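See structure below.
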Amino acid sequence: MAYLVGPSLVTATSSLAGPQAGSVLAGVVVLTGGVLLVRQRRTAPGPSHRAARSWAAVPRSRGLARSGLGLLLVANFGLGFAFGSLQVSVTAFAVARGVGEWAGVLYGIISVASLGAGFAYGHAKWRPRPGHLAVTLTLLATSCLVLTALTPRLRWLPTSCCQGSRSPRA
């Protein structure tokens, strides 16, 4: 919900009260949410003796390096790069086809589709075997690459329906 409501709320605030107000609102919401999450203890797992022993075995000088924090940071950097580049590339895609005003609509469609896919995946009651999951992901990645290679030849892209509605340029 944060990716759907947050940008709209910050954009509306920035439009109505100025860009500084939108940035301040975003900072306050992130800080407040972080503090509330840290203070919330109901869903935190209880302490276990096994976890205490596993941390005791890790040398103090290399504790964070061995805990997988580096891998987590790399994964989060990749996610941030993907989300940031998606907004830029969708806008560039629309502008390159002369329908820049539709960039927001395209990004909204992506957001709604992502939300629907997340709900569908969350409600699925299946347990894939690693082999099947690997084959499925390989087929998905291959189909995305094929569609990317064919994109200039495709006529059914969402922006193609908007081509006729733009005014001729002088």
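The values are calculated or read from the model by the stated rules, or taken from the named source; none is laboratory data. Here the structure is a predicted model, which is why all the values come from computation and not from measurement. For neighbour counting, all protein chains shown are included, and Cβ atoms are generated from backbone atoms with ideal geometry for every residue, glycine included.
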**Report entry** Filter result for GLY22 (at pLDDT below 85, surrounded by 10 or more Cβ atoms within 10 Å (Cβ to Cβ) and not aromatic (Phe, Trp, Tyr))
**Finding:** no
Requested in this report: List every residue pair whose Cβ atoms lie under 7 Å apart, where the two residues are 6 or more positions apart in sequence or sit on different chains, the first residue falls within the stretch 6-17 and is in the same structural domain as LEU31 (by TED's automatic domain parsing), and the second residue, located anywhere, is of a type outside the set (D, E, K, R) and surrounded by fewer than 16 Cβ atoms within 10 Å (Cβ to Cβ).
Outcome: THR13/ALA21; SER14/ALA21
Requested in this report: Name, by its number, the condition in (1) touching a Cys at 6+ places or on another chain (Cβ under 9 Å); (2) at pLDDT below 85; (3) of a type outside the set (Val, Ile, Thr) that does not hold for LEU133.
Outcome: (1)
**Report entry** Scope the stretch 72-102; condition touching a residue at least 12 places away in the same chain (Cβ under 8 Å) and of a type in the set (S, T, N, Q); matching residues
**Finding:** GLN87, THR91
Requested in this report: Taking the options VAL10, VAL5, VAL95, VAL74, name whichever one is of a type in the set (A, V, I, L, M, F, W, C), under 21 Å from the mean Cα position of the chain (by Cα) and modelled with pLDDT of 85 or more.
Outcome: VAL74
